[in-house]
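Single-structure report; data block below.
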Amino acid sequence: MQPDARQELFCRAIPARRTRIQAIDLPILQEVLMDPTLSSIIREPVAQATVAGLLSWLSVSLGAAFIFTRREFSRKAMDCLLGAAGGMMLGASFFGLLQPAMELTAHMGRTGFIPVVFGLMLGAGFLLLLDRALPHLHLVQDTTEGISTRWRRSVLLVTAMALHHIPEGLAIGVGYGAAAAESGMATGIESLGMSTALVLTASIMLQNLPEGMVVSTALRAEGYSAKKSFFYGVLSGVTAPIGAIPGALAAGVTAGILPVALAFAAGAMIYVVFEEVIPEANASGNGNAASLSCIFGVCLVIALTTLLG
């Protein structure tokens, strides 16, 4: 057989072989995806919240990875990124958590604010206790809070950022738990559903990028290698998926507790913004730029709520 004839025969055989493989694999894939057990797991709010929490952790890791591109970033740029992150947290708290909580209590009339305010103060109080108990470092102010400890500065900085991600994980979990509860309600709540949970996830993922950059850049400035700075930056985000699980479980207990759970997550996030993020962003004299960035962060969440809602 001539070489050209052999080559032509070989080329004809390859598509036929690929077609047979696809014909075999596609039904298997369809069978796996249609499996009732797998479908029920995918629809479980705890599983959805866990995946969203892991994606949030991934965004922190991606932000921390920027340390491999540059050794340091300007202080003004970091303050603007922190301001934008704080704005996105505020927007997610009000539009993704407090608004549906108020709609859920609308049937209570003039007393409908009570469970929402209760949950809001409870969430803020929870973060206050964590803030007092967990040793952590405010890098720009160079002050340490929490119980007295001999932990290294790197660990204290990581715990400070890990403290930020606890309410974020709770918010994600509550969002998916609330979406699952809404599907079983007789009357649907417009601002409570899967689209709101997705907006919360997208907002938190976006604002986790600069937070990952901040912690890895700060550690690099402290003299740590790029690899160690990246590792600690990744480690700081582990509390997001951990917090998502109890958030989803709490929201799925009963419909009566749902407004409190939503407001609890909002109170925890708002406390972190005003106690940790905004003071840190304003500490270096870039308050105007950080404030404008914060407003931009809120606007971004409004846009996401409209586009994904």
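The values are calculated or read from the model by the stated rules, or taken from the named source; none is laboratory data. Keep in mind that what you see is a predicted model, and the values were worked out from it rather than measured. Reconstructed Cβ throughout: ideal geometry from the backbone, glycine too, with neighbour counts over all protein chains shown. SASA here: full protein model, heavy atoms, side chains in, ligands and nucleic acids out. Shrake-Rupley method; radii C 1.70, N 1.55, O 1.52, S 1.80 Å.
Details
- Residues of the range 163-198 satisfying the condition of being at pLDDT 85 or above and either acidic (D, E) or open to solvent by 10 Å² or more (accessible area, probe 1.4 Å) (or both): I166, E168, L170, Y176, L198
- Of the criteria (1) modelled with pLDDT of 90 or more; (2) surrounded by fewer than 24 Cβ atoms within 10 Å (Cβ to Cβ), which one G297 fails: (2)
- Hey, H138 in contact (Cβ under 8 Å) with a residue 24 or more places away in the chain, surrounded by 24 or more Cβ atoms within 10 Å (Cβ to Cβ) and under 23 Å from S291 (Cα atoms) or not: no
- Looking across the range 225-270, the residues that are open to solvent by less than 50 Å² (accessible area, probe 1.4 Å) and not in a helix (DSSP H, G or I) come down to S236, G237, V238.
- Among (1) open to solvent by less than 100 Å² (accessible area, probe 1.4 Å); (2) at pLDDT below 90 - the single one R71 does not satisfy: (1)
- Meets criteria (within 19 Å of the chain's Cα centre (by Cα) and either of a type outside the set (V, I, T) or at pLDDT 90 or above (or both)) for V277: no
- Pairing each residue of the range 104-127 that is without any contact (Cβ under 8 Å) to a residue 12 or more places away in the chain with any residue that is surrounded by 15 or more Cβ atoms within 10 Å (Cβ to Cβ), provided the two are 6+ apart or on different chains, yields C-beta distances under 6 Å for A106/G112; G112/T105.
- When F94, F113, F118 are checked against the criterion of being under 17 Å from the mean Cα position of the chain (by Cα) and surrounded by fewer than 19 Cβ atoms within 10 Å (Cβ to Cβ), a single residue qualifies: F94.
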